[in-house]
Structure formats: structure tokens, C-alpha cells
Amino acid sequence: DIEAAGLQAKPIYLLSLNNLGQLYLDLEQYPEARVYFERARALPLPAKGSMAADTQAILTSNLAYVAHGLGELEEADRLFARAEKEFKAVRPGGSAELASLLNNRAFLLDDQGKADEAYAMRKASVAMREQVLGDSHPSLVMPLTDLAQSAMMRGEADYGLELATKAVAVAERAYAQPSADRVSALGTQAGALINTKQFVMAGEVITRAEAE
């Protein structure tokens, strides 16, 4: 037991609290996740020791995600804005974590009825991810898919197809075996092909997705 051993001032304590919070977050048990993230964020700075400089921003971002999950939209927006400032202070050139935050915040903006802002934020998220990770990184698949779906909802059929096709190409390079991300990208590509009246090709893509 870390607390019984008196290791609260060690980086492992912060890491353990964050990991427990992340576990509950993945299970969508938001109140429990909040408890651990808030305990971690309340630790004095020395306890963050060898942790990455953006740990505080990651914790703030996690708390924003929790608030969104609990339906606390204004609080989530406040925390996302704070986390974005914290990330930019330590990673002014951008980071994968900030790109992830932007994509998550886009979903919040959707729920707030701010479709134009959400669309712009998804574009910024994809651009930053490509900048810091390259244009073939596996973590691009879902943001590209999300952006493609947003484009199609706005009536930008050709752009949606371009993005979905790119998402499929990245997924095929990244995953040797079938994956949920690849199936999602294929499904979005099929929808984009239907929107552009390419029905035969859409059927072929749907068959591929079903095979996976």
C-alpha cells in the first residue's frame, strides 16, 4: 500500500491516482474517476517530481472529460479551456495530448449546439496530430473519421469522402489485423461514397467492413 508506506510525496503516488482515475473514466464511472483525478491534481508540485511537465494539464483535461460525462457542460468547458492553456504553456508547439483534448472538446461543443466551433476544433486537432506525430500515426484514424462525419453532416460530401478514405488508408497501414477503428473508418467511407452516389464502391466497402 503506497499510502501506508508513506510514499505520498513520490511520483508513483501521483501516477497511481491518475491510473485509478483513468480506469474509472474508461468504465464511465465518472464520480469515482473525479475523486482520484482531484486528489492527484491537489498534490503539491514537488510530488510531481519526474513526471512530465504537462501532467497538470492532463489531469485538468481528464477532469473536463469527467464533467462532460456528468452533463456539467459549463464546468467541462471551463476545465477544457484551462487545460488547453496549461498544455500551451509547456508545449507551445503542440502535442498529441493537446490534439486529443481539442477532439474531446469538439464533442462538448456539439452538445452545446456550437457546430461551427466543433468543426473548426476537429480540424485543428487533426492538423496538430499530423504535425507532431506524422500523417500515418494510428491515433489519426478516429479523429479523421470524426472529422469526415462532421464534414458530411455539413453537406461537404467530397471533403468527407477524402477524409474517410485517408482514415481507411492510415488504419490499413497501422493495423495488420481487423480493428474497431478500421471498421469505423470503413463504415464512414461507405457512407461518404453513398453521399457522393458511388453506390457500387460503397457496397464493396460495406462488404469489407462486414468481413472484419
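Yes/no per residue for (1) free of Cβ contacts under 8 Å to residues at least 12 places away in the same chain; (2) in contact with an Asp or Glu (Cβ under 8 Å, 6 or more places away or on another chain); (3) open to solvent by less than 60 Å² (accessible area, probe 1.4 Å):
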| residue | (1), (2), (3) |
| --- | --- |
| Pro143 | no, no, yes |
| Leu147 | no, no, yes |
| Ser150 | no, no, yes |
| Tyr159 | yes, no, no |
| Ala185 | no, no, yes |
| Arg208 | no, no, no |
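Residues in region 70-86 that are farther than 20 Å from Glu117 by Cα and part of a helix (DSSP H, G or I): Glu86 alone. No other residue among Ala124, Ala115, Ala67, Ala81 is small (Gly, Ala, Ser), open to solvent by 20 Å² or more (accessible area, probe 1.4 Å), without any contact (Cβ under 8 Å) to a residue 40 or more places away in the chain and over 21 Å from Ser150 (Cα atoms) apart from Ala81.
Within region 92-103, does at least one residue satisfy the condition of being within 21 Å of Lys166 (Cβ to Cβ), in a loop (DSSP other than H, G, I, E, B) and of a type in the set (Gly, Ala, Ser)? Yes, region 92-103 contains a residue that is within 21 Å of Lys166 (Cβ to Cβ), in a loop (DSSP other than H, G, I, E, B) and of a type in the set (Gly, Ala, Ser). Answer yes or no: is there a residue in region 31-44 that is at pLDDT below 85 and more than 17 Å from the chain's Cα centre (by Cα). The answer is yes, given that some residue of region 31-44 is at pLDDT below 85 and more than 17 Å from the chain's Cα centre (by Cα).
Restricted to region 187-196, and to residues there that are buried (at least 16 other Cβ atoms within 10 Å of the Cβ) and touching a residue at least 24 places away in the same chain (Cβ under 8 Å), the residue that is farthest from Ser139 (Cα to Cα) is Asn195.
The values are calculated or read from the model by the stated rules, or taken from the named source; none is laboratory data. What you see is a predicted model; the values in this text were computed from it and never measured. Note that we place each Cβ from the backbone using ideal geometry, even for glycine, and neighbour counts take in every protein chain shown. When the accessible area is computed, the model is the full protein with side chains, heavy atoms only, and any ligands, DNA or RNA have been set aside. Shrake-Rupley method; radii C 1.70, N 1.55, O 1.52, S 1.80 Å.
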